[in-house]
Amino acid sequence: MMDTLLLFGQIFITFILIGTFTFGGGYAMLSLIQTQVVVAHHWISEATFTNIIAISQMTPGPIGINCATYVGYEVLKNAGASHLVAILGSAVASFALILPSFLIVLTMVKFYQKFMGNAVFEGVMGWLRPAVVGLIGAAAVILMVDTSWSGIPLLSLPQFELIKDNFIDWKSWVLFGAAVIASLGFKVNPIIIIIAGGVAGLLLY
């Protein structure tokens, strides 16, 4: 019982910190979630995290919240908790993730008009934009490669190692390339790409 309560506390603290320090929405949040739940706490594996992202992307709602909901359930379930307790874990993770944003936005509503045009405010926003792009890019890299760099000397080049469960063989890379070309080159609706990817995966594997 105490172990379960401790796990609830860890989940709450982890996701409230993620919600507090994330700028740029759900995709920018993914790298922080991965760092905490896969690298820091070892709650789930890298391959499981990738599957969670895929499911979160396909289900309705913001990807960050969907991911938190899934992770909260998975962590409690892996710890041996019942289905209902695992659902409560989902609720705790989701609530902790959105609480900081709710409070911050509620505060900003009062002060945004006041600070619009302020040089310091505009300067901070100017620096946050490229940081957000970097976080979103990091999320994409995390889904494709092993980002565990422990033991690599500072200032040395990152030595990525492909995760076999994520990109199994050349067919996976062909699907990836086709999805990129369809999305960027031909502006195909993402829903169509997701459905086509699922059908192709079913037929190929």
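Evaluate region 128-144: report whether one residue or more is under 30 Å from LEU5 (Cα atoms), out of contact with any helix residue (DSSP H, G or I) (no Cβ under 8 Å at 6 or more places or on another chain) and without any contact (Cβ under 8 Å) to a residue 60 or more places away in the chain. No - not one qualifying residue is present in region 128-144.
Please tell me if LEU6 is assigned by TED's automatic domain parsing to the domain that holds ALA93, in contact with a helix residue (DSSP H, G or I) (Cβ under 8 Å, 6 or more places away or on another chain) and either more than 21 Å from GLY137 (Cβ to Cβ) or modelled with pLDDT of 85 or more (or both). No: the conditions fail for LEU6.
Filtering region 120-130 for residues that are at pLDDT 85 or above, in a helix (DSSP H, G or I), out of contact with any Pro (no Cβ under 6 Å at 6 or more places or on another chain) and within 24 Å of VAL180 (Cβ to Cβ) leaves a non-empty set. Looking at THR48, THR59, THR14, just one residue is surrounded by 20 or more Cβ atoms within 10 Å (Cβ to Cβ), closer than 17 Å to GLU74 by Cβ and not aromatic (Phe, Trp, Tyr), and that residue is THR14.
Quick check: is even one residue across region 65-78 modelled with pLDDT under 90, farther than 22 Å from ILE104 by Cβ, in the same structural domain as GLN10 (by TED's automatic domain parsing) and out of contact with any helix residue (DSSP H, G or I) (no Cβ under 7 Å at 6 or more places or on another chain)?
Taking region 65-78 and keeping what is modelled with pLDDT under 90, we get none.
Looking through region 65-78, none of the residues is modelled with pLDDT under 90, farther than 22 Å from ILE104 by Cβ, in the same structural domain as GLN10 (by TED's automatic domain parsing) and out of contact with any helix residue (DSSP H, G or I) (no Cβ under 7 Å at 6 or more places or on another chain).
The values are calculated or read from the model by the stated rules, or taken from the named source; none is laboratory data. Small disclaimer: the values here were computed from a predicted structure and weren't measured. Cβ sites come from the backbone with ideal geometry, for glycine too, and all protein chains shown count toward neighbours.
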